[in-house]
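*Asks:* First, the structure itself, so that you have it in front of you.
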Amino acid sequence: MNALLALTMGDACGIGPEILAKVFLGARSEARGAFVLGDLAVMRRAAALCGAGLLPVAQIESPADALRCPPGCVPVLPAAGLPPHGPATPGSETT
């Protein structure tokens, strides 16, 4: 992939973060240029929950930084204005 692709992580307590972690784990080279717009801590937790402990999750400062990340890395661009959720519990209601 030469273009950039933004993927939103969805609900911090939903299945979106885990699905994205599995996408980056299973499609390392195909996911090049893709990045997650969301929360770094949530994506790190999702990678760990998926048994993808060796899947690095890195914060990026701009979308173009995603192209500089190595294959198999989950680039995360922090989304402004996310509500503070504290330590989210998967399967629980977010507020």
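The values are calculated or read from the model by the stated rules, or taken from the named source; none is laboratory data. These numbers come from a predicted model, not from an experiment. With ligands, DNA and RNA removed, areas are computed over all heavy atoms of the protein, side chains included. Shrake-Rupley method; radii C 1.70, N 1.55, O 1.52, S 1.80 Å.
*Asks:* With all protein chains present, how much of the accessible area of region 1-49 (probe radius 1.4 Å) comes from carbon and sulfur, to the nearest whole percent? Don't skip to the answer; put the middle values down first.
*Replies:* On the way: 1570 of 2490 Å².
Here it works out to 63 percent.
*Asks:* Could you report the accessible area of residue 11 in Å², rounded to 10, computed with a 1.4 Å probe on the protein chains as they sit in the structure?
*Replies:* We get 80 Å² for residue 11.
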